[in-house]
Amino acid sequence: MQPIAAIQPLQLQAPFQKSIVPTTSLLVPVVYQDRSYSCQKTEGENGGFAKFLDHDLNVSRLTDVESHLWWAGMRKAARPLHRQVMMERNVVVTEQADLHLTWRGSRIYIKPLPSYLLNVEFWNKNICPDSDLFANAKGFLLSYIWLVFNESDFQMAKDNSNHPRLLPEGITYQEWRSFIADFMEGDDFEAMEQVNPRYRFGELRLNRLNSIYRIKFGTKHFIRGYFYGYHEYGTFLEHNFAWIVTFFAYVAIVLTAMQVGLATKKLVENDAFHDASYGFTVFSIVSPLVATGVIGLILVVTAVDNIIRAHSHEHNVIKAYSHGRSNIQRPEKETV
């Protein structure tokens with residue numbers, strides 16, 4: 001039996017044989033923004049793109065909660081683009097891979113397909129040496145086969161005026177069909193190997209992803225959850241507390257019905273109905289005060305959290321800047 005130490009690692013190869021985007025047409029960004037919104041050079045010192053690719057295709061936040069993703073989505077393919085339109089969903093372009101195919105209300109977030117993922121040479125040189133990166137890239141390609149597999153989907157991805165282009169420019173439908181056949185050769189949708197576990201799921205619901213993060217990670221993500229998405233307190237209140245208007249409308253209807261009931265002969269002398277009317281009246285007076293207090297507390301906690309984060313970010317930036325400045329070699333003073 002061959003010893004474990006002598007076993008050679010699996011040599012990964014691009015999951016397709018023929019490029020549909022030539023190397024001369026690859027458009028990789030010159031710079032990108034990392035998680036802290038700091039600008040970084042895309043190309044590394046040795047001419048590689050390892051850090052950029054790890055950032056561009058990273059879905060580790062979803063992989064960390066993979067065992068709970070069943071609550072946010074189902075283990076099945078995402079709906080194709082034409083089906084998304086039938087469901088009256090608006091495509092919102094995102095460059096975050098971990099927001100790709102997540103949705104909230106009438107919005108679904110989709111990351112455009114990078115041209116570098118359609119070139120065999122780029123795969124073999126920059127992606128295949130890293131098994132985690134390979135799983136992320138192959139899973140992302142699989143998601144686009146879910147989204148675009150017939151001609152109507154292809155035209156929507158290329159020419160739809162409702163959202164920016166999702167597929168690289170210059171690809172024909174015939175080339176895309178050949179690419180899908182090449183990609184799926186010897187494999188299938190249900191049992192595809194070497195795919196990041198996130199891509200065992202299709203569309204994921206953002207509200208439930210937020211709940212998963214708040215429950216699993218507690219105070220660390222309790223306020224912002226998985227994807228905060230609010231930049232104004234008005235939007236935050238509108239999305240999270242619109243149900244209060246419906247609740248108070250129902251309370252007003254019940255109080256009006258009780259007033260009518262007290263005017264009838266059967267209920268005017270009914271002690272149980274009088275007790276219920278008394279209790280509900282007190283409840284209708286107290287509940288708005290409680291709701292206002294809870295909303296106010298949430299806004300205060302959110303504002304304090306924003307201030308703390310802003311102060312921490314400013315402190316870290318100044319510290320990094322000062323550290324960088326201290327490493328600059330100062331010229332020696334000239335002697336007179």
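The values are calculated or read from the model by the stated rules, or taken from the named source; none is laboratory data. A quick note: this is a predicted structure, and the numbers were derived from the prediction, not measured. Cβ coordinates were reconstructed from backbone atoms using ideal geometry, including for glycine residues, and neighbour counts include every protein chain displayed. Accessible surface is based on the protein model in full, side chains and every heavy atom, while ligands, DNA and RNA are left aside. Shrake-Rupley method; radii C 1.70, N 1.55, O 1.52, S 1.80 Å.
Taking region 281-297, which residues are exposed (fewer than 12 other Cβ atoms within 10 Å of the Cβ) and not β-branched (V, I, T)?
Here is the first cut: in region 281-297, the ones exposed (fewer than 12 other Cβ atoms within 10 Å of the Cβ) are 282, 285-286, 289-290, 292-293, 296-297.
Of everything in region 281-297, those that are exposed (fewer than 12 other Cβ atoms within 10 Å of the Cβ) and not β-branched (V, I, T) turn out to be L289, G293, G296, L297.
Could you give me the residue pairs with C-beta distances under 6 Å whose first residue belongs to region 114-143 and is aromatic (F, W, Y), whose second residue is surrounded by fewer than 21 Cβ atoms within 10 Å (Cβ to Cβ) wherever it lies, and which are 6+ apart or on separate chains?
Y116/L26; Y116/V28; F134/L12; F134/C128
Among Q84, Q155, which is open to solvent by 10 Å² or more (accessible area, probe 1.4 Å) and assigned to a helix (DSSP H, G or I)? If you could, list the steps in order and put the result at the bottom.
Numbers: Q84 fails: open to solvent by 10 Å² or more (accessible area, probe 1.4 Å).
One residue alone meets the criteria, Q155.
Among the residues of region 241-254, are any within 36 Å of the chain's Cα centre (by Cα), surrounded by 15 or more Cβ atoms within 10 Å (Cβ to Cβ) and modelled with pLDDT under 85?
First pass over region 241-254, keeping only residues within 36 Å of the chain's Cα centre (by Cα): 241-250.
Subset that is surrounded by 15 or more Cβ atoms within 10 Å (Cβ to Cβ): 244.
Those left that are additionally modelled with pLDDT under 85: 244.
Yes; the residues of region 241-254 include at least one that is within 36 Å of the chain's Cα centre (by Cα), surrounded by 15 or more Cβ atoms within 10 Å (Cβ to Cβ) and modelled with pLDDT under 85.
Filter region 59-69 for residues that are of a type outside the set (K, R) and either in a helix (DSSP H, G or I) or buried (at least 18 other Cβ atoms within 10 Å of the Cβ) (or both) and give the result.
Step one: of region 59-69, the residues of a type outside the set (K, R) are 59-60, 62-69.
V59, S60, L62, T63, V65, E66, S67, H68, L69, listed by residue number.
Taking D54 as the residue in question, decide whether it is open to solvent by 10 Å² or more (accessible area, probe 1.4 Å), touching a helix residue (DSSP H, G or I) at 6+ places or on another chain (Cβ under 9 Å) and either more than 16 Å from L206 (Cα to Cα) or of a type in the set (A, V, I, L, M) (or both). Show your work before the answer.
Details: open to solvent by 10 Å² or more (accessible area, probe 1.4 Å): yes; touching a helix residue (DSSP H, G or I) at 6+ places or on another chain (Cβ under 9 Å): yes; either more than 16 Å from L206 (Cα to Cα) or of a type in the set (A, V, I, L, M) (or both): yes.
It is true that D54 is open to solvent by 10 Å² or more (accessible area, probe 1.4 Å), touching a helix residue (DSSP H, G or I) at 6+ places or on another chain (Cβ under 9 Å) and either more than 16 Å from L206 (Cα to Cα) or of a type in the set (A, V, I, L, M) (or both).
Answer with yes or no whether Y144 is open to solvent by less than 50 Å² (accessible area, probe 1.4 Å), under 24 Å from F227 (Cβ atoms), of a type in the set (F, W, Y) and not in a helix (DSSP H, G or I). Before you say what the answer is, go through the steps one by one.
Details: open to solvent by less than 50 Å² (accessible area, probe 1.4 Å): yes; under 24 Å from F227 (Cβ atoms): yes; of a type in the set (F, W, Y): yes; not in a helix (DSSP H, G or I): no.
In short, no.
Taking R89 and the conditions (1) charged (D, E, K, R); (2) free of Cβ contacts under 8 Å to residues at least 40 places away in the same chain; (3) open to solvent by 70 Å² or more (accessible area, probe 1.4 Å), which numbered condition does it fall short on, given that it satisfies the others?
In the conditions (1) charged (D, E, K, R); (2) free of Cβ contacts under 8 Å to residues at least 40 places away in the same chain; (3) open to solvent by 70 Å² or more (accessible area, probe 1.4 Å), R89 misses (3) alone.
Just the residues that are touching a strand residue (DSSP E or B) at 6+ places or on another chain (Cβ under 6 Å) and not in a strand (DSSP E or B), please, taken from region 87-99. Break it down into steps so the answer makes sense when it comes.
From region 87-99, those touching a strand residue (DSSP E or B) at 6+ places or on another chain (Cβ under 6 Å) are 89-92, 94, 99; that's our starting set.
R89, T94, L99, listed by residue number.
If you go through region 208-224 one residue at a time, do you hit one that is within 12 Å of T302 (Cβ to Cβ), modelled with pLDDT under 85, open to solvent by less than 70 Å² (accessible area, probe 1.4 Å) and under 12 Å from the mean Cα position of the chain (by Cα)?
To start, the set of residues in region 208-224 that are within 12 Å of T302 (Cβ to Cβ) comprises 222-224.
Restricting the remaining residues to those that are modelled with pLDDT under 85 gives 222-224.
Still in the list and also open to solvent by less than 70 Å² (accessible area, probe 1.4 Å): 223-224.
Now restrict to residues that are under 12 Å from the mean Cα position of the chain (by Cα): none.
Checked against the condition, which is being within 12 Å of T302 (Cβ to Cβ), modelled with pLDDT under 85, open to solvent by less than 70 Å² (accessible area, probe 1.4 Å) and under 12 Å from the mean Cα position of the chain (by Cα), region 208-224 yields no hits at all.
State all residues of region 158-173 that are part of a helix (DSSP H, G or I) and either among the hydroxyl-bearing types (S, T, Y) or in contact with a helix residue (DSSP H, G or I) (Cβ under 7 Å, 6 or more places away or on another chain) (or both); if no residue qualifies, say none. Steps first, please.
Step one: of region 158-173, the residues part of a helix (DSSP H, G or I) are 158-159, 173.
Within region 158-173, just Y173 meets the criteria.
I'd like to know if region 56-76 contains one or more residues that are under 19 Å from L118 (Cβ atoms) and either touching a Phe, Trp or Tyr at 6+ places or on another chain (Cβ under 9 Å) or polar (S, T, N, Q) (or both).
Residues of region 56-76 under 19 Å from L118 (Cβ atoms): 56-57.
Retained after the next criterion (residues that are either touching a Phe, Trp or Tyr at 6+ places or on another chain (Cβ under 9 Å) or polar (S, T, N, Q) (or both)): 56-57.
Taking every residue of region 56-76 in turn, at least one turns out to be under 19 Å from L118 (Cβ atoms) and either touching a Phe, Trp or Tyr at 6+ places or on another chain (Cβ under 9 Å) or polar (S, T, N, Q) (or both).
Could you grab me the full set of residues in region 263-311 that are β-branched (V, I, T) and outside any helix (DSSP H, G or I)? Before you say what the answer is, go through the steps one by one.
Keep residues of region 263-311 that are β-branched (V, I, T), which gives 264, 268, 281-282, 285-286, 290, 292, 294-295, 298, 300-302, 304, 307-308.
Correct list: T264 only.
Looking at region 256-280, which of the residues that are hydroxyl-bearing (S, T, Y) and open to solvent by less than 80 Å² (accessible area, probe 1.4 Å) is nearest to I244 (Cα to Cα)?
It comes out as T256.
Can you tell me which residue is modelled with the lowest pLDDT among those in region 192-207 that are touching a helix residue (DSSP H, G or I) at 6+ places or on another chain (Cβ under 7 Å), outside any helix (DSSP H, G or I) and open to solvent by less than 40 Å² (accessible area, probe 1.4 Å)? Walk me through how you get there before you give the answer.
Of region 192-207, the ones touching a helix residue (DSSP H, G or I) at 6+ places or on another chain (Cβ under 7 Å) are 192, 194-199, 201-202, 204.
Going one step further and asking which of them are outside any helix (DSSP H, G or I), we end up with 192, 194-196, 201-202, 204.
In the following step, the residues that additionally are open to solvent by less than 40 Å² (accessible area, probe 1.4 Å) were identified as 192, 195-196, 201-202, 204.
On the way: M192: 77, V195: 92, N196: 95, F201: 94, G202: 93, L204: 96.
Result: M192.
Just checking, which of E238, E269 is modelled with pLDDT under 85, out of contact with any strand residue (DSSP E or B) (no Cβ under 9 Å at 6 or more places or on another chain), over 30 Å from I307 (Cα atoms) and of a type outside the set (S, T, N, Q)? Even if it seems obvious, please write down each step before you answer.
On the way: E238 fails: over 30 Å from I307 (Cα atoms).
Every option except E269 fails the conditions.
Being over 23 Å from S106 (Cα atoms), touching a residue at least 24 places away in the same chain (Cβ under 8 Å) and among the charged types (D, E, K, R) narrows it down to one residue among D56, D64; which is it?
Details: D64 fails: touching a residue at least 24 places away in the same chain (Cβ under 8 Å).
Residue meeting the stated conditions: D56.
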